[in-house]
Amino acid sequence: MNQKIATQLREACLFAHEQGVRIQPGAWFTHDSDGLIRSCCAIGALLIHKGTDKHDVGSPNPGYVRAACEILKVDAMWLNRFWMGFDRNHHVTLVKKEKDSEVEIKDDVSGFGIELRREVFGR
């Protein structure tokens, strides 16, 4: 797992929390009746931390996924693997070919998602 990315996500969660935004699995953002962000997922926290909000992301920008990928310098598949760990608490198993056999390995990205989930939620 890339430590720079891990640090960025940890700092983003801390920043959002300090702004009064609750970190949660699931939706990117939830808003109150005034349109203020009240909670978000870890990737939503990243967008808040980097100054990207619902007003900045949209036309002509392609959206939240692309913005998050650009900030972290990852692809959408990386985000999916992270969300499997953070949102679903599921450690993805990958199959790696070695010579004439296949070996199952635990994915480090979803594993980090689980680790960050435990740090944030204490479970």
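Each reported figure results from applying straightforward, stated rules to the coordinates on display, with no laboratory input. For clarity, every value in this text was computed on a predicted model and none was experimentally measured. A quick note on method: Cβ atoms are made from the backbone with ideal geometry, for glycine too, and the neighbour counts reach across all protein chains shown.
Details
- Gaussian network model of the chain, Cα within-10 Å springs - most flexible of Ile23, Ile48, Ile71: Ile71
- Whether region 3-121 is rounded, prolate or oblate, judged on the alpha carbon gyration tensor where a/c under 1.5 counts as rounded: prolate
- Charge dipole (Cα centre; +1 on Lys/Arg Cβ, -1 on Asp/Glu Cβ; no other charges) of region 3-121 amounts to roughly 60 debye.
- Close lysine pairs were tallied over region 3-121: pairs 8 or more places apart or on different chains with Cα atoms under 26 Å apart number 11.
- For the chain, built as a Gaussian network whose Cα springs stay under 10 Å, the top-fluctuating residue of Lys50, Lys97, Lys106: Lys97
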